[in-house]
Amino acid sequence: MRNLALFSTASVDHLLWSTNSEITQLNSPALSIFTDFDHSQPMVVDSNTGAVNTLEIMEKTHSFMRLVVDKNNKFLGVITKHQLSDSKMLKMTNKFDSNLDELLVTDMMIPREELMSLDYEQLTSASVSDVVRSLQENGLHHILVIDHHQHHIRGLIAANDVARKLKVPINIEQPPSFMHIFKTNLAKNARLF
């Protein structure tokens with residue numbers, strides 16, 4: 001292990017500003033808002049993890065959603081903070097006649113059979129607006145992207161990532177829906193004209 005030297009910033013008074021002039025807009029390619037698991041590791045939780053522990057992990061990492069996988073990394077479903085709300089967990093403990101500590105993430109998750117997704121190939125020719133518009137009606141915060149040819153989940157699109165790239169204000173405690181992003185971006189663009 002190497003010791004890294006620390007330096008004073010007292011004489012440094014300029015920031016490096018990105019020269020990347022590409023600004024994401026509603027007419028930008030949809031791939032500009034896509035988190036590709038070929039380049040970024042998916043955020044997962046093991047299926048044997050307790051529901052309460054999963055919520056703690058998500059709060060510590062500021063994530064609103066995780067993919068649920070088994071010990072062989074087989075995709076089982078999705079868990080969101082919404083699914084782990086106190087009222088939903090209490091309802092499930094009553095259903096199973098158990099206590100909170102016995103609930104597993106798999107008891108609370110949305111199974112993969114109930115999830116909808118976008119196709120990667122279709123996404124390659126779509127715009128951000130196409131994605132936002134098709135998802136806003138469902139009030140989704142995340143959408144998985146699948147690769148039909150490879151038969152796997154290729155990545156996802158998260159509303160908070162889209163909002164950040166479009167420079168739309170979001171409340172960190174409440175994940176934005178695609179409807180929120182679309183309306184806010186329309187209002188922002190209306191002010192420019």
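Tabulated data for the structure shown
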{"quantity": "The stretch 1-44, residues that are under 21 Å from ALA163 (Cβ atoms) and of a type in the set (Val, Ile, Thr)", "calculated": "ILE23, THR24, ILE33, THR35"}
{"quantity": "Qualifying residue in the stretch 109-125 (condition: more than 14 Å from GLY50 (Cα to Cα), basic (Lys, Arg) and in contact (Cβ under 8 Å) with a residue 24 or more places away in the chain)", "calculated": "yes"}
{"quantity": "Residue selected from the stretch 34-47 under the condition part of a loop (DSSP other than H, G, I, E, B) and surrounded by 12 or more Cβ atoms within 10 Å (Cβ to Cβ), by the criterion modelled with the highest pLDDT", "calculated": "SER47"}
{"quantity": "Scan of the stretch 62-104 for residues that are among the hydroxyl-bearing types (Ser, Thr, Tyr), touching a residue at least 12 places away in the same chain (Cβ under 8 Å) and more than 26 Å from GLY155 (Cα to Cα), ordered by number", "calculated": "none"}
{"quantity": "Given (1) of a type in the set (A, V, I, L, M, F, W, C); (2) modelled with pLDDT under 95; (3) farther than 30 Å from VAL132 by Cβ, index of the condition VAL52 fails", "calculated": "(2)"}
{"quantity": "Count of the stretch 3-53 residues which are within 21 Å of ARG66 (Cα to Cα) and among the aromatic types (Phe, Trp, Tyr)", "calculated": "2"}
{"quantity": "The listed residue being in contact (Cβ under 8 Å) with a residue 40 or more places away in the chain and either farther than 23 Å from LEU90 by Cα or surrounded by 16 or more Cβ atoms within 10 Å (Cβ to Cβ) (or both), out of LEU55, LEU4, LEU31", "calculated": "LEU31"}
{"quantity": "Elements of type strands (runs of 3 or more DSSP E) in the stretch 77-193, at least 1 residues being modelled with pLDDT of 95 or more, open to solvent by 60 Å² or more (accessible area, probe 1.4 Å) and of a type in the set (Gly, Ala, Ser)", "calculated": "none"}
{"quantity": "Selection count where residues are closer than 14 Å to PHE64 by Cβ and touching a residue at least 40 places away in the same chain (Cβ under 8 Å), scope the stretch 126-143", "calculated": "3"}
{"quantity": "Hits in the stretch 58-76 (condition: of a type in the set (Val, Ile, Thr) and surrounded by fewer than 16 Cβ atoms within 10 Å (Cβ to Cβ))", "calculated": "THR61"}
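Let's see how each residue does on (1) under 17 Å from LEU156 (Cα atoms); (2) among the hydrophobic types (A, V, I, L, M, F, W, C):
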| position | (1), (2) |
| --- | --- |
| ARG2 | no, no |
| ALA5 | no, yes |
| GLN25 | no, no |
| PHE34 | yes, yes |
| SER40 | yes, no |
| LYS60 | no, no |
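The values are calculated or read from the model by the stated rules, or taken from the named source; none is laboratory data. Worth saying up front: this structure is predicted, and the values here are computed from it rather than measured. Every residue, glycine among them, receives a Cβ derived from its backbone with ideal geometry; neighbour counts consider all protein chains shown. Please note that ligands, DNA and RNA were not included when accessible areas were found on the heavy atoms of the full protein model with its side chains. Shrake-Rupley method; radii C 1.70, N 1.55, O 1.52, S 1.80 Å.
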